[in-house]
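Undergrad: Starting off with a structure, shown below.
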Amino acid sequence: MRRRATVVIAGAVLAAAGALAVVAVRGAEPPRTLQDRVRAVASTLRCPVCQDLSVADSPSSVARQMRAMIASELRAGRSPDEVRAGFVRAYGPWILLAPPRHGIDLVAWVAPILVVLAALLLAAVAVRRWTFGAPRPGGPGATVGGANEDPSAPRTTADEVALEPEDRRLLEHALASMDEDPD
Amino acid sequence: MPGDERSSADVEGSLRHPTALNSGGASATRRRRRWILVGFVVGAVAVLTALFAFGLTQDPTLVRPVLVGRPAPGFSLPPLASGGPTVRLSSLRGQVVVVNFWASWCVDCRIEHPSLEAAWERYRDRGVVFVGIPFEDPRASSIRYARQMHLTWPLVQDPGSVTALAYGVYGPPETFVIGRTGRIVYKQIGPISYPVLTDQITRALAEGSR
Amino acid sequence: MGLSRLGTFALVVALGLAIYGLIASILGARRRDALLAESARSTCFSLLALVAAANGAMLAAILTNDFAIRYVAENSSRATPTFFKVLSLWSADEGSLLLWNLILAGFISAVAFRFRKRRPETLPAAMAVLFAVQCFYLVLVLGPTRPFATLATPPLDGQGPLPLLQNHPLMAAHPPFLYLGFVGMTVPFAFAVAALAHGTLSDRWIRLTRRWALAAWIFLTIGLVLGALWSYGVLGWGGYWAWDPVENVALLPWLVTTAFLHSVVIQERRGMLKVWNLSLVVGAFALTTFGTFLTRGSILSSVHSFARSAVGPMYLGFLVLVLLVGFGLIAAQSWRLRSEGRFDSALSRETTFLGNNLVLVAVTFIVLIGTIFPLVVEAISDRQVTVGGPYFKESTVPLFLALLLLMGVGPLMPWRRATGRQVRERLALPAAAGATVMVLLAVFGMRDLAAVAALGLAAFVAVANIAEIVRGVRTFARATGHSLIRSGPTAVARNRRLYGGLVAHVGIAVAAAAITVSSAFAHQAEVALSRGQSARFAGYTLTYRGERAVRQPQRSVFIAEIGATKGGRSYGVLHPSVNVYPSDPNDPIGTPSIHYGAFHDLYATVLGFGPGGGSAVLRFFLNPGVIWVWVGGAIVACGGLVAAWPTRRPRVVAPPAERRELAVVP
């Protein structure tokens, strides 16, 4: 039973990793038809008269004209970046739906990475600091004074007979609920 | 509860932390740390307040035109009504050019029309050219509108709105004042008033003569 | 005239009561004067009655076409149908603030009623906070955003609601549910601040308000789903979430509250994360306030912008107050709020909850930073940039994938310590399911990495949580000797939080799969058709039959009739329309026509008509799986309801049922 579960999980993880690798290597499909290519460029541009809709999505007439212009530019052989640059010349960097990745705008792209790193750091610190090596009564002594901050403090007899924190909470909870709604 | 220096069940009310149990030194650092934390909170809030206060001073619907100060995108457009001349921007170099985007379905265009007409009358012989470009408008409707409103300055067609998009137009009415050197000196989004228009034209005329 | 005076009078007296309540609560708390606190508590019922009267007066004014009141003149008209007249109570700034006040007064009364017998010691302080918030919103409604302002010369007819807002009855439900969620977060905030102000170390504030936070979360979930449904069915751009700034700020409190609902369990069980939970609650309420600031303070322009510049500073001031009081108190008291417990192991349900919290808060920060980034750039470098869909998608998708993984693993982990064996056995089936889906998709040639990962993980989550539900019910059935079906409801009833959570996870998995499929496989085409001409799209043959005009009192509707057939079978007629409202003839509103289906929606909009209806420019969308987004959302809300359902009292000893389960499960 145990072995089978392990085998299944290992197989699943490998299969999933393999599938993801295959998909990753295959790469995103480059847009083929002209309409698809127009859509790809248009979905990175902001419709000037709408609220945060892309040129690809917007039903407004300006967006329609922009899509037509993108189509003719692409047909004339311009690259998507050149088409985008043309619009930026006329409307400013505001017309791009995501900030460009240079200059001060790079901060917007770096920020999520920093946030994730901070979260990972927090996770590591929290798990390290708050995890028992072996079960040990936290007890009421831990919240008084600096005992909590000093894990190497000598344990007193009182600590040794104190309740496990989980049991203390349960008792607390039970006692409290005798007097209030057990919500 | 053995070893328990405070009541463990909070049945009735708040728990006062027995400060008497703290050693003096530990509580001093704690106090300092606490004020550092509070200071951090106040500082962060102050920064956010400054940012949002700044945001309140900005008009969120106004997008700053980027083309002001840059060379005006060139165009060479056929006349709106057949039989007229093609208007090429490059051939107008040396004059002040006022490009006005309008449409027959645009209510504000009717509102600004008197200002445009008056300015045109005043400056047409003083080295200023007006060019009217309809935006997203069926040709027949544009011609009808032009006839109704007696638009007397040169009118062209903009097939595919290529010129409008090159000028970063959001929607009519939009007016651009182009100086003698071909640079855009002013962009107005929305109906333009006579004083503003004449002021910008005068400035553009003066600039060229330096 | 009479109604305006009545409404204003009611609001003024209400404000007076709120001020009294605030002062009496504070004094009652400080002096421990029970009588004073009690008087404060009971004023809230009269407060509710008065605010309800004010709302009633406005409703009456709208229904009787009292155009002397400016709000009625600007947002209603004689021609507006009665249903939309009622809706216009909250379709614009001033009216929706009236509704906000009503909901807030309702919540305060609910709190007072709920704690009428057993009064926690922090109740007066919490009431003080609630009254303070009510004061602010009443001042708004009596000051810069007055709904009862009158016009010197009343017009003969009103302008009618904004065209976009009277196009669809969904407008009825989206704001009230959203407001119920936003305002609901005030209650946990009030109790948290009260606990901090008291200097109490107890976790009572969490036990007191956990259900309120859950209720607010359920309302927020429904409100967000309805908003997406409105965007999809009414706005006609083919999608349901545009990463609009106002959409974002509505999402943020939901994310934070979801995190709170999880971390609350850790605090209840282990006495940990106290400062974290307080911060989450304060943060959720602050984000709600920030949301109103953004939406109504004309900081950003948006579909929702009400844009009155006079209120901006007031909202900012209130937001600053909330942040300073909330986080300042936490900072000042944090030294007392040490963790009482520990995690037993790095691999346990507790740590997956911790992971869930970190991911959700990370997403919150990213979306928040992205939303205010244009403002920062403008302040620093005087340029204007846009942060839109592509940015948010790219930066949050990896985190959402991580969240899905946690959602599948977490319920499989036991509390305290996961022994390898337990976890492995429970993990086998879901892992196999997820991997199978991924392999199948890879084999079928999918190229979108994120989509494959998301669909595989969604399968993983769904199977894991359903398996847990079955396992729990089966254990209970075995213990009581009843059949599975019979013991199902009882098992759930004994541990509503657990099963509610599991159901909610299944709902999220369904919605996540639907969102992935609808983004990855959507098709779109824009085509100009003349009458009688057909186009082939996604296997359908779509024929433009012509234009039809319908004149209604409040608008003119131009409908394009499109016949849809597929493989010879008729799929009916699509009738997207363009609505022209006399108040704004330059701005016609398009209404899409949607043929909903279990596998995909066929969605059509008309962008414009040729002269005489001889031709039309049409847009067709094939949106696969969208209906499951709504279904998934409904399942999530149901999960919340299951978790929130009140347990029958009294229960003298309250053993968490999980404890008993731990004993039963090997």
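Throughout, read-outs are computed from the coordinates displayed, never taken from laboratory work. None of the values given here were measured: they were computed from a predicted structure. Methodologically, a virtual Cβ is constructed for each residue, glycine included, from the backbone with ideal geometry; neighbour enumeration extends over all protein chains shown.
Undergrad: Show me, for region C:387-397, the HN-Hα J-couplings you get by feeding each phi into the Karplus relation (A = 6.51, B = -1.76, C = 1.60, θ = phi - 60°), rounded to Hz, glycine and proline as x.
TA: So the Karplus estimates, Gly and Pro as x, are 10, x, x, x, 5, 5, 4, 5, 8, 9, 4 Hz.
Undergrad: Also, quick follow-up: Using Cβ counts within 10 Å as a stand-in for footprinting exposure, how do C:Y596, B:Y170, C:Y315 rank, fewest first?
TA: Result, fewest neighbours first: C:Y596, B:Y170, C:Y315.
Undergrad: Here is a further query. Using the Karplus curve 6.51 cos²θ - 1.76 cosθ + 1.60 with θ = phi - 60°, work out ³J(HN,Hα) for each residue of region C:6-11 in order, rounded to whole Hz, and write x for Gly and Pro.
TA: 4, x, 4, 4, 4, 5
Undergrad: Starting from the Kirkwood Rh over alpha-carbon pairs, what translational D in µm² s⁻¹ does region C:203-357 have by Stokes-Einstein at 37 °C and 0.692 mPa s?
TA: Once the numbers are plugged in, D ends up at 189 µm²/s.
Undergrad: Okay, moving on. Apply the Karplus curve 6.51 cos²θ - 1.76 cosθ + 1.60, θ = phi - 60°, to the phi angles in region C:418-427 and return the couplings in whole Hz, x for Gly and Pro.
TA: 9, 7, x, 4, 4, 5, 4, 5, 6, 7
Undergrad: Would you order C:V320, A:V83 from fewest to most other beta-carbon atoms within 10 Å of each residue's own beta-carbon?
TA: Exposure proxy ranking, most exposed first: C:V320, A:V83.
Undergrad: How well do other chains shield peptide A:117-127, expressed as the mean number of their Cβ atoms within 10 Å of each residue Cβ?
TA: Going residue by residue through A:117-127 and averaging, the value is 5.
Undergrad: What does the average come to when, for each residue of peptide A:106-112, you count the partner chain Cβ atoms lying within 10 Å of its Cβ?
TA: 6
Undergrad: Still on this structure, I have one more. Give me the distance between the Cα centres of region C:544-617 and region C:124-146, rounded to whole Å.
TA: 46
Undergrad: With +1 assigned to the C-beta of every Lys and Arg and -1 to the C-beta of every Asp and Glu, and no other charges, what is the dipole magnitude of region A:1-130 about the Cα centre in debye, to the nearest 20?
TA: With only Lys, Arg, Asp and Glu charged at Cβ, the dipole is about 580 debye.
Undergrad: Using the 10 angstrom Cβ neighbour count as an exposure proxy, how do C:H482, C:H575, C:H198 rank, fewest first?
TA: C:H482, C:H575, C:H198
Undergrad: Where does region B:61-210 land on the Kirkwood hydrodynamic radius, alpha-carbon pairs, in angstrom?
TA: Hydrodynamic radius (Kirkwood, Cα only) of region B:61-210 equals 15.2 Å.
Undergrad: So what is the calculated 222 nm ellipticity per residue for chain C, using -39500 (n - 2.57) for each DSSP H run with n of 4 or more, over all residues, to the nearest 500 deg cm²/dmol?
TA: About -21000 deg cm²/dmol.
Undergrad: Which value results for Rg/Rh of region C:21-132 when Rg is the Cα radius of gyration and Rh the Kirkwood radius based on the inverse mean 1/r?
TA: Here the Rg-to-Rh quotient is 1.16.
Undergrad: Amide H neighbours of C:F343 under 5 Å, counting only residues 5+ apart in sequence or on other chains, H built in-plane at 1.01 Å?
TA: A:T131, A:F132
Undergrad: How big is the gap, in Å, between the Cα center of region A:1-21 and the Cα center of region C:44-61?
TA: Using only Cα atoms to place each centre, the spacing works out to 62 Å.
Undergrad: Need one value for B:100-107: mean number of C-beta atoms belonging to other chains within 10 Å of its residues' C-beta atoms.
TA: That average works out to 1.
Undergrad: What is the Rg over Rh value, at two decimals, for the protein assembly as shown, using alpha-carbon atoms and the Kirkwood definition of Rh?
TA: Result: Rg/Rh = 1.00.
Undergrad: Using the alpha-carbon centroid of each, what span in Å lies between region C:507-528 and region A:29-75?
TA: Centre-to-centre distance over Cα atoms comes out at 19 Å.
Undergrad: Shape of chain C from its Cα gyration tensor (a ≥ b ≥ c, root eigenvalues): rounded if a/c is under 1.5, otherwise prolate when a/b > b/c, or oblate?
TA: The shape class here is oblate.
Undergrad: Whole percent per 10 Å bin, from 0 to the bin with the longest distance: what is P(r) over all C-alpha pairs of region A:34-98?
TA: Pair shares across the bins are 25, 62, 13, 0.
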